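These notes are about the structure you will find just below.
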Amino acid sequence: MGLKCGIIGLANSGKTTIFNCLSNTRVQDAGQHGKTNIGQVNVPDNRLNEIDKLIRSARIVPATVEIMDIPGLTKGSTQEGTINKFLGEIQQADALLHVIRCFDDPNVAHIEGNVNPVRDIETVDLELQIRDLDIIERKLQKTEKIAKLSGDKEARHVAAVLQKVKEHLESFRNVRDMELHEEEKRVIADCFLLTVKPVMFVCNVDDASAATGNQYVEQVRNALKERGGEAIIIAGKLESEIAELEDADDRKVFLSDAGLEEPGVNLMVRSAYRMLNLQAFFTAGPKEVRAWTIRKGMTAPQAAGAIHSDLERGFIRAEVMKYDDFIKFGSEHAVKEAGKFHVEGKNYIVQEGDILHIRFNV
């Protein structure tokens with residue numbers, strides 16, 4: 001399955017700078033060219049390299065995350081048709097990266113006149129709530145009309161759920177904070193609400209605050225204690241410049257000089273996986289060593305479907321090695337000799353780091 005993350009935030013918060021930290025491509029500010037930036041980031045996973053040391057395949061293929069950077073929001077911007085089009089694109093995202101300005105720079109004006117990250121979070125939340133409320137109200141009107149004309153019991157139930165969500169949004173709260181039963185979640189699933197999506201808050205700081213944060217980061221953390229959510233720190237400008245360096249050793253030196261052990265993108269991707277309950281499994285052979293992303297709890301046939309629908313449709317069995325066992329024993333033959341090689345059927349739940357070989361027949 002492909003993971004999609006949408007980058008949101010106020011104008012001049014550094015969204016596109018963060019995008020350039022993450023993406024394999026470099027782009028201009030989304031607001032300047034009037035369209036959503038779309039790119040990909042490789043999911044860092046050193047296990048691929050360790051597997052390849054033993055197999056020596058033709059190539060290594062990491063899992064990827066698609067990222068979308070929409071033009072910056074402003075107060076009242078969801079009333080504009082253009083921004084609504086961009087937010088419609090973000091509806092397809094699995095998670096949101098909310099970039100918050102946590103730096104002072106006299107050369108980059110803040111649209112509200114001063115830096116106040118908690119206020120900025122509330123401003124963006126309000127704009128997304130307004131859009132979601134509009135979607136819910138329109139569906140509620142149609143559903144109530146059906147219920148009134150036909151007396152359909154199911155329509156009345158759907159209307160009750162929509163009314164519950166409507167009241168929650170009218171209280172300036174996000175749908176992800178609601179306690180909804182699975183059946184209630186299904187009622188609103190086709191609305192593709194923005195405030196139902198899990199959010200990671202990205203504190204975009206100045207270079208000097210890259211390792212430890214600053215007063216603005218503390219304000220965000222204190223606010224999130226009450227409202228819930230996870231915040232990470234990224235010095236967007238610094239890491240964007242480091243990401244442009246071609247030599248990996250040079251990148252490590254510059255990261256170390258900034259007091260960082262690894263790029264912020266690594267933290268961001270790991271946090272996104274954790275938020276969305278995702279995990280990786282591997283396929284390995286002479287042609288490639290590859291990582292695949294699936295949700296935790298998926299069965300072997302479902303994992304096979306992440307590779308190709310034919311593999312799921314014609315699934316026979318999965319031959320399974322644990323990553324740690326493969327690294328410890330050094331080859332598939334040695335894993336078999338040690339009794340650590342398993343053949344699993346359709347009910348097998350794939351585990352983090354499994355190395356799978358799918359047998360199928362279509």
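Things worth noting here:
- Each residue of segment 231-238 was assigned a 3J(HN,Hα) from its phi angle through the Karplus expression (A = 6.51, B = -1.76, C = 1.60, θ = phi - 60°), giving 10, 10, 9, 9, 8, x, 4, 5 Hz with x at Gly and Pro.
- Note on Asp134 and Glu352: the model spin-label points, each 7 Å out from Cα along the C-beta direction, lie 4.0 nm apart.
- Spin-label model, Arg313/Lys296: points 7 Å from Cα along the beta carbon direction are separated by 3.2 nm.
- Look at the dipole of the chain built from charges on Cβ: of Val165, His110, Pro71, the Cα furthest out on the positive end belongs to Val165.
- Which listed pairs, of Lys4/Lys35; Lys4/Lys296; Lys148/Lys197, have C-alpha distances above 25 Å, in listed order: Lys148/Lys197
- Think of it as helices only: each DSSP H run of n ≥ 4 in the chain is worth -39500 (n - 2.57), and spread over all residues that comes to -13500 deg cm²/dmol at 222 nm.
- In the chain, the DSSP beta bridges split such that about 50 percent are antiparallel, to the nearest 5.
- Since only Leu276, Phe19, Leu149 are under comparison, the one whose Cα sits farthest along the positive direction of the charge dipole of the chain, derived from C-beta charges on Lys, Arg, Asp and Glu, is Leu149.
- Dipole magnitude for segment 229-269: about 180 debye, using +1 per Lys or Arg Cβ and -1 per Asp or Glu Cβ, origin at the Cα centre.
- From the Kirkwood radius over Cα pairs of the chain, Stokes-Einstein at 20 °C and 1.002 mPa s returns a whole-number translational diffusion coefficient of 94 µm²/s.
- 5 angstrom amide H check on Ile8, placed H, neighbours 5+ away: Leu97, His98, Val99
- If both residues of a DSSP beta bridge must be in segment 197-342, then about 60% of such bridges are antiparallel.
- Pairwise alpha-carbon distances in segment 297-360 exceed 12 Å for 64% of all pairs.
- Taking Cα centre as origin and charging only the Cβ of basic (Lys, Arg, +1) and acidic (Asp, Glu, -1) residues, the dipole magnitude of segment 103-177 rounds to 800 debye.
- Remark: the Cα gyration tensor places segment 177-277 in the prolate category, a/c being 1.5 or greater and a/b exceeding b/c.
- Rounded to whole numbers, the Karplus 3J(HN,Hα) couplings from phi for segment 240-248 are 5, 5, 5, 5, 7, 5, 7, 7, 4 Hz, using 6.51 cos²θ - 1.76 cosθ + 1.60 with θ = phi - 60°, and x at Gly and Pro.
- Overall, the chain carries a charge dipole of about 1400 debye about its Cα centre when +1 sits on the Cβ of Lys and Arg and -1 on the Cβ of Asp and Glu, all other atoms neutral.
Values in this text are rule-based calculations from the coordinates and carry no lab data. Computed from a predicted model, the values in this text were never measured in an experiment. No Cβ is skipped: glycine too gets one built from the backbone with ideal geometry, and neighbour counts run over all protein chains shown.
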